[in-house]
1. In region 152-175, which residue that is in a loop (DSSP other than H, G, I, E, B) and hydrophobic (A, V, I, L, M, F, W, C) is surrounded by the fewest Cβ atoms within 10 Å (Cβ to Cβ)?
2. From the residues in region 301-347 that are part of a loop (DSSP other than H, G, I, E, B) and polar (S, T, N, Q), which one is surrounded by the most Cβ atoms within 10 Å (Cβ to Cβ)?
3. Working only within region 219-238, note down all residues that are in contact with a Ser or Thr (Cβ under 6 Å, 6 or more places away or on another chain) and of a type in the set (Val, Ile, Thr).
4. Are any of the residues in region 52-68 in a strand (DSSP E or B), over 16 Å from Thr110 (Cα atoms) and in contact (Cβ under 8 Å) with a residue 60 or more places away in the chain?
5. If I filter region 285-300 for residues that are more than 16 Å from Ala16 (Cα to Cα), in a strand (DSSP E or B) and free of Cβ contacts under 8 Å to residues at least 40 places away in the same chain, do I get at least one hit?
6. Keeping to region 176-208, report how many residues are part of a loop (DSSP other than H, G, I, E, B), within 19 Å of Ile219 (Cα to Cα) and polar (S, T, N, Q).
7. Does any residue of region 135-151 turn out to be under 17 Å from the mean Cα position of the chain (by Cα), among the β-branched types (Val, Ile, Thr), closer than 22 Å to Gln258 by Cβ and outside any loop (DSSP other than H, G, I, E, B)?
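The values are calculated or read from the model by the stated rules, or taken from the named source; none is laboratory data. As the structure is a computational prediction, the values presented were derived from the model and not from experiment. When we count neighbours, we look across all protein chains shown, and the Cβ atoms used for this are built from the backbone with ideal geometry, even at glycine.
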Amino acid sequence: MDIIIAPDSFKGSLSATEAVEAMDRGIKRCFPHARTIHVPMADGGEGTMETLVAATAGVIKTVHAIDPLGFEITAEYGILGDENTCVIEMAKASGLDLVPKEKLAPLSATTYGTGQLIKQALDDGYTSFILAIGGSATNDGGAGMLQALGLQLMDDKGKEIGYGGGELHRINRIDLEKFDERIASCKFVIASDVENPLIGTNGASYVFGPQKGADTDDIKILDNNLTHWADMVAEVTGVHLHHAPGAGAAGGIGGAFQAFFPSEMQRGIDVVLKYSNFNAYLEQADIVLTGEGKVDHQTASGKTPMGVAQAAKKANIPTIIIAGSVGPGIEALYKYGVVSVNSMINEPMELGHAIQRASELLTNATEQIMRTYFYQ
């Protein structure tokens, strides 16, 4: 029996690698001789860099940068095993997890640190990039990242604006003269599962602003400012980001890549599946186990369990999902090759208790699911 174990992280409790190990223990309890194939997954959010580096036997490099609030931090970027492709995970320098909940600052949080990671990789000689842009604490349209790479955003007095989406309305002129010319000769793959436009009620500010600390007034300010930003970008580049699919990803940084970089947006899970050699593993698999912290109607929009199931279905391999919690709308997943969606919670418990026991619960759930599925 060959079983592929390919979960994403269970946010707040288990990394993808830890989830793989917990599921493996459950399988081995009932099928000690089963061959398990470990393929930790990610969909462009947190953990994508580590997943890709591990899958390709690459390396991780350390870089000095600033966090979303402008404080100096030590961040990282990865180099794949081909020694040519650089993987930058936005969350490492501009991520939500870098800012305590009580200090979230959606109007001033900046992507400048992400730009610093790109600049360092350019200085190190890399020309092929994968950018994982999930999990940001920012809503600045990627302006900070662009500033770190030399783009000048000038106010009506000829002075550069400050950091954050709250400053974008002050832009009077975009100056490309000092923008890093090396970018034009590079290739950028933008890994994201977000298709939201930049502005409007389905845009960056309204949909994702609240999780970054934005209240109702902040959201209106940010959306108006991103509209002005998009107007200014269109004047300079001819690219209209306002309603462009994916432009609203990660507080609008998706739009910055579309307008100023030679880039291609791909589903994050597809990028990880490709570099982890997932399809090759399917050739010898009997079943695939995947999962993440929460599975509901949003999972079918391109998150890890759906992407894994789609790939497995093409090879006629069934997929079982195990999640921390299961919400409404999971029926949509069945047409993608999912045979069942299961919660690892086996009794009423508070979230904090479930997080503490995540590894044990996932192991137990996996064992019971395997016993049921392979009962004869």
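1. Ile161
2. My answer is Asn346.
3. Across region 219-238, the qualifying residue is only Ile219.
4. The answer is yes; a qualifying residue exists.
5. Looking for residues that are more than 16 Å from Ala16 (Cα to Cα), in a strand (DSSP E or B) and free of Cβ contacts under 8 Å to residues at least 40 places away in the same chain, one finds none in region 285-300, hence no.
6. 3
7. Taking every residue of region 135-151 in turn, none turns out to be under 17 Å from the mean Cα position of the chain (by Cα), among the β-branched types (Val, Ile, Thr), closer than 22 Å to Gln258 by Cβ and outside any loop (DSSP other than H, G, I, E, B).
Residue by residue, here is whether (1) over 23 Å from Met1 (Cα atoms); (2) touching a Phe, Trp or Tyr at 6+ places or on another chain (Cβ under 7 Å) holds:
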position: Ala309; (1), (2): no, yes
position: Gly327; (1), (2): yes, no
position: Glu331; (1), (2): yes, no
position: Gly337; (1), (2): no, no
position: Gln356; (1), (2): yes, no
position: Ile369; (1), (2): no, no
